[in-house]
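Enquirer: Pasting a structure below so you can have a look.
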There are 2 protein chains.
Amino acid sequence: MENALTILGSSSALPTSQRFSTAQVLQMLGRFFLIDCGEGTQIQLRRCSIPFTRIQAIFISHLHGDHYLGIFGVLSSFNLLGRRTPLTIYAPKGFENIVNFQLKYLVTELSFKVTFIELTQNGMSCIYSDKKIDVYSISLDHRLPTWGFYFKEKAKDYKISKKIIEKYSLSIAQIVLIKKGEDLVLANGEVIPNSLLTIFPESPKSYAYISDTLFKPQIAEYIKDVTLLYHESTFSHEMLKRAKETFHSTAKQAAEFANFANAEKLLLGHFSARYKTTVDLEKEAKEIFSNTVAVNDLDIYSF
Amino acid sequence: MENALTILGSSSALPTSQRFSTAQVLQMLGRFFLIDCGEGTQIQLRRCSIPFTRIQAIFISHLHGDHYLGIFGVLSSFNLLGRRTPLTIYAPKGFENIVNFQLKYLVTELSFKVTFIELTQNGMSCIYSDKKIDVYSISLDHRLPTWGFYFKEKAKDYKISKKIIEKYSLSIAQIVLIKKGEDLVLANGEVIPNSLLTIFPESPKSYAYISDTLFKPQIAEYIKDVTLLYHESTFSHEMLKRAKETFHSTAKQAAEFANFANAEKLLLGHFSARYKTTVDLEKEAKEIFSNTVAVNDLDIYSF
């Protein structure tokens, strides 16, 4: 199953006629995660035909309005659509209070259970894990407590071809062990090394979302070799002073970060409303890290 | 100066890929009023190039999320844009609390003064009046306290042509009196009747916004001869039962209401997300009231 990131919104504090506030949907190994939830998220979700009810978790990076004001509409519409699937919301301290206060006015009782998980850890911390995926929070450096998120497939099992299974008449128990990396011992005592039995699995794919932050290259280490990297790029580098004052990054810094992280591909977003086009921002980053794209709303990036 | 109504959103509870939640801007004799403020209002405002800062008042019909969840983004962006002009918000009880709670998280201090006026009156009540316009609230019949709004130009003065002014060498004081309807007494005692001096003024234009409500024909009397009438039309008449259960109206009822009010033109909106097209709703209403339009987002209606 393909992984895909859909951009729902890519503006910074002020949305524009072309860009909604920040929100993204990550589809990874059949799971759907909503990352940030700016105003209008539910409208964008409808536009890109993402199945509302399959979103199992929402990750809120920080409590600036352009990253969360869509939550009320999303929850209220989940409810109107009769959602039953439980939902988990990972967010900074205070968010549960914000949501619950508003819900009092919006619904009598939600048709589904919401669990809030408070983001608290400095550095990198595993906040979600299932059979196939781990998600980590990464603390950033913004005007208020802010986290990025790192979604990583778990190491995949070795693969065995049908031909090998038939050749040695392998039992299910034997297949399981070989997939874990063990050698095969035949009835006659002969040992067939694992490398002759298996195909090396694809390396695990990963996505890192670096939300609003001052340039913080030291955290690139946490996401070394990331497949797809999104890094905020509110300003061009000639506005570095303004970027520092407002605890944001420039396109050039995002590209440097991608180099440090040895990323495969870099997405730029969270553009200041002052930029009517992002051509120059993309160009600035490409000089440092060539595989860069300045995103637009409703873009889809498969990986 | 022309009057114009811009539709920012025309869906009911669930927005669709084509329709935002309810919001409209009324431009009347140079004033800008925002009527309801569903999620995404600020994005739609940007799309139709309405000058944010010239909106002097916001009218919230009731406290269902699809009619107010855009207020946080609007206020927050007004603030980011450095607005200084005071703003008045007319809304049901509780709204000030909702807004102030959220503002604590969004801004340290607003750059402009907000005054809340609580809607409380049954029937029709004047809530705003200036030199040229009166605005009335009209209580409706929905699942929670709900009001419509009626915007009416004041009766205009009689007009006098330049030719008449020159012919009788009228002083400013005389002109003012004649414009009010008085006759002119010449120095020789001759009386020139007002009807020979003046041109009958255009009749005052008006706009009525009938928000979510059960069919309530008795209030049509309040807005007799309205120029432009918006009436919610969540359902087609074959869903009358559902309309009644949810305290909404049908397209046919909206048209009957327009007839009772002797409206010049009827706009239908607040469509249930079940309708992929509004052709049938418009047709249903037109059979009763021919000058009917089912609105789309970003439509502009001059009157």
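Read-outs: derived from the displayed coordinates by stated rules, not from any lab. Remember, it's a predicted structure, so these values are computed and weren't measured experimentally. All Cβ positions, even for glycine, are placed from backbone atoms using ideal geometry, and neighbour counts span all protein chains on display.
Enquirer: For region A:7-25, check the following and say yes or no: at least one residue is out of contact with any strand residue (DSSP E or B) (no Cβ under 8 Å at 6 or more places or on another chain), of a type outside the set (Ser, Thr, Tyr), touching a residue at least 12 places away in the same chain (Cβ under 8 Å) and not in a loop (DSSP other than H, G, I, E, B).
Expert: The answer is no, given that none of the residues of region A:7-25 is out of contact with any strand residue (DSSP E or B) (no Cβ under 8 Å at 6 or more places or on another chain), of a type outside the set (Ser, Thr, Tyr), touching a residue at least 12 places away in the same chain (Cβ under 8 Å) and not in a loop (DSSP other than H, G, I, E, B).
Enquirer: Turning to a different aspect of this structure: All but one of (1) surrounded by 21 or more Cβ atoms within 10 Å (Cβ to Cβ); (2) within 18 Å of B:VAL74 (Cα to Cα); (3) within 11 Å of chain B (Cβ to nearest Cβ); (4) not acidic (Asp, Glu) hold for A:PHE78, so report the exception by its number.
Expert: Answer for A:PHE78: the failing condition is (2).
Enquirer: Please work out which one of (1) of a type outside the set (A, V, I, L, M); (2) more than 11 Å from the chain's Cα centre (by Cα); (3) within 18 Å of B:ASP212 (Cα to Cα) is the condition B:ARG31 fails and give its number.
Expert: Condition (3) is where B:ARG31 drops out.
Enquirer: Ok, one more. Could you say whether any residue in region A:159-172 is in a strand (DSSP E or B) and among the aliphatic types (A, V, I, L, M)?
Expert: For region A:159-172, residues in a strand (DSSP E or B) and among the aliphatic types (A, V, I, L, M): present.
Enquirer: Right, here's the next one. Scan (1) free of Cβ contacts under 8 Å to residues at least 40 places away in the same chain; (2) of a type outside the set (Phe, Trp, Tyr); (3) at the interface with chain B (Cβ under 8 Å from one of its Cβ atoms); (4) crowded, with 16+ Cβ neighbours inside 10 Å for the single condition A:GLY94 breaks and write down its number.
Expert: (4)
Enquirer: Inside region A:27-46, can you point out the residues that are assigned to a strand (DSSP E or B) and buried (at least 24 other Cβ atoms within 10 Å of the Cβ)?
Expert: A:PHE33, A:LEU34, A:ILE35, A:ASP36, A:CYS37
Enquirer: Inspect region B:254-262 for any residue being part of a helix (DSSP H, G or I), hydrophobic (A, V, I, L, M, F, W, C), out of contact with any strand residue (DSSP E or B) (no Cβ under 7 Å at 6 or more places or on another chain) and over 21 Å from B:LEU298 (Cβ atoms) and give the result as yes or no.
Expert: Yes, there is a match, as at least one residue in region B:254-262 is part of a helix (DSSP H, G or I), hydrophobic (A, V, I, L, M, F, W, C), out of contact with any strand residue (DSSP E or B) (no Cβ under 7 Å at 6 or more places or on another chain) and over 21 Å from B:LEU298 (Cβ atoms).
Enquirer: Check region B:26-33 and report whether any residue there is more than 9 Å from chain A (Cβ to nearest Cβ), under 27 Å from B:LEU140 (Cα atoms) and of a type in the set (Lys, Arg).
Expert: Looking through region B:26-33, at least one residue is more than 9 Å from chain A (Cβ to nearest Cβ), under 27 Å from B:LEU140 (Cα atoms) and of a type in the set (Lys, Arg).
Enquirer: Sort through A:SER21, A:SER17 and tell me the only one that's surrounded by fewer than 24 Cβ atoms within 10 Å (Cβ to Cβ), within 9 Å of chain B (Cβ to nearest Cβ), hydroxyl-bearing (Ser, Thr, Tyr) and under 30 Å from B:LEU80 (Cα atoms).
Expert: Answer to the selection: A:SER17.
Enquirer: I'm checking my understanding of the structure. Among residues of region A:97-128 that are among the β-branched types (Val, Ile, Thr) and surrounded by fewer than 18 Cβ atoms within 10 Å (Cβ to Cβ), which one is farthest from the other protein chains (Cβ to nearest Cβ)?
Expert: A:THR115
Enquirer: Tell me, yes or no, whether region B:48-57 has at least one residue that is in a helix (DSSP H, G or I) and within 24 Å of A:HIS67 (Cβ to Cβ).
Expert: yes
Enquirer: Under 6 Å between Cβ atoms, at least 6 apart or on separate chains: pull out the pairs that start in region A:274-286 with a residue that is closer than 8 Å to A:ALA251 by Cβ and end on any residue that is part of a helix (DSSP H, G or I) and among the basic types (Lys, Arg).
Expert: These pairs meet every condition: A:GLU284/A:LYS252.
Enquirer: Going by the conditions given, is B:ASP141 more than 30 Å from B:ARG242 (Cα to Cα), assigned to a loop (DSSP other than H, G, I, E, B), in contact (Cβ under 8 Å) with a residue 40 or more places away in the chain and not basic (Lys, Arg)?
Expert: Here the answer is no, as B:ASP141 does not meet what is asked.
Enquirer: Anything in region A:261-301 that is hydrophobic (A, V, I, L, M, F, W, C) and within 19 Å of the chain's Cα centre (by Cα)? List them, or say none.
Expert: Answer for region A:261-301, where residues must be hydrophobic (A, V, I, L, M, F, W, C) and within 19 Å of the chain's Cα centre (by Cα): A:ALA261, A:ALA263, A:LEU266, A:LEU267, A:LEU268, A:PHE271, A:VAL293, A:ALA294, A:VAL295, A:LEU298, A:ILE300.
Enquirer: Identify, by number, the condition in (1) within 11 Å of another protein chain (Cβ to nearest Cβ); (2) surrounded by 24 or more Cβ atoms within 10 Å (Cβ to Cβ) that A:PHE52 doesn't meet.
Expert: Here A:PHE52 clears every test but (2).
Enquirer: I would also like to ask the following. Among the residues of region B:222-243, what is the count of those that are crowded, with 24+ Cβ neighbours inside 10 Å and part of a loop (DSSP other than H, G, I, E, B)?
Expert: Here the count works out to 3.
Enquirer: Assuming B:ARG19 fulfils every condition listed in (1) within 19 Å of the chain's Cα centre (by Cα); (2) under 23 Å from B:ASN296 (Cα atoms) apart from one, which condition is it?
Expert: Answer for B:ARG19: the failing condition is (1).
Enquirer: Related question: A:ARG83 passes all but one of (1) free of Cβ contacts under 8 Å to residues at least 60 places away in the same chain; (2) farther than 30 Å from A:HIS142 by Cα; (3) within 12 Å of chain B (Cβ to nearest Cβ); which number fails?
Expert: The number of the failed condition is (3).
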